[in-house]
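*Asks:* Please see the structure below; I have some questions.
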Amino acid sequence: FSWSPKRADSALVWKTINIIDWSGKSVLDVGASYGYFAVQASRLGACVSGFEPRDSAREVAIKVNDHVEMQDVVYSKRDPGGKFDAILYLSVHHQMDPTYNKLAQTLSEYKKRCKDLFVELIMPPTGKFGGGRTEAQIDAIVGGKPLLRYKHLVRGYRKIYHII
């Protein structure tokens, strides 16, 4: 948010994925954290569900949504299931699967549930993420259109994809 401390490149990521008409779309923000992307999509007319398993982050997102940004985002602890027009899977995979061994399966499952899937991943070379795969190998697993490769403020390089 414009009023929050900067540890991530959220504005850059939003600018990159803001390539569809969000108005009237149903959107799922997986790993919503404090709700930045959920709020941005809601501001443009989307009906947004934010899925955030961490209680502390979800509680902040709810407070920000209800008392600062005043949008209609609904946050939950668990994935609500179902289909959406768009799913945001931004910079969360490495937290659940640092080796990316389950990346193909995870993306396949999300793709079945939406028309537009936006994905952001940490790219090699990092000793911790990607399981020794090259960036080209990760690109092949994702299979979507790369939108941006950039140097993140905290951890190395990241890439944003659009899978349709």
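*Asks:* Would you mention how many residues in segment 110-133 are open to solvent by 70 Å² or more (accessible area, probe 1.4 Å) and more than 17 Å from the chain's Cα centre (by Cα)?
*Replies:* So the answer is 4.
*Asks:* Taking only segment 69-92 into account, find how many residues are of a type outside the set (D, E, K, R) and open to solvent by 80 Å² or more (accessible area, probe 1.4 Å).
*Replies:* Total satisfying the criteria: 2.
*Asks:* Sticking with this one: In segment 101-115, how many residues are touching a residue at least 24 places away in the same chain (Cβ under 8 Å) and either hydroxyl-bearing (Ser, Thr, Tyr) or touching a helix residue (DSSP H, G or I) at 6+ places or on another chain (Cβ under 9 Å) (or both)?
*Replies:* Final tally of qualifying residues: 4.
*Asks:* Further question: Are any of the residues in segment 130-147 in contact with an Asp or Glu (Cβ under 6 Å, 6 or more places away or on another chain) and over 16 Å from Val13 (Cβ atoms)?
*Replies:* no
*Asks:* Tell me, which strands (runs of 3 or more DSSP E) wholly within segment 58-144 include 3 or more residues that are more than 22 Å from Ile160 (Cβ to Cβ)?
*Replies:* In segment 58-144, 74-76 are the strands (runs of 3 or more DSSP E) which contain 3 or more residues that are more than 22 Å from Ile160 (Cβ to Cβ).
*Asks:* Hey, another quick one. Can you tell me which residues in segment 149-164 are surrounded by 15 or more Cβ atoms within 10 Å (Cβ to Cβ) and at pLDDT 90 or above?
*Replies:* Within segment 149-164, Tyr150, Tyr157, Arg158, Lys159, Ile160, Tyr161, His162, Ile163 meet the criteria.
The values are calculated or read from the model by the stated rules, or taken from the named source; none is laboratory data. Predicted, not measured: the structure shown is a model, and the values here were computed from it. Counting neighbours? That spans all protein chains shown, and the Cβs are built from the backbone with ideal geometry, glycine included. Ligands, DNA and RNA are stripped out before the accessible areas are found, and what is left, the full protein with its side chains, is counted by its heavy atoms. Shrake-Rupley method; radii C 1.70, N 1.55, O 1.52, S 1.80 Å.
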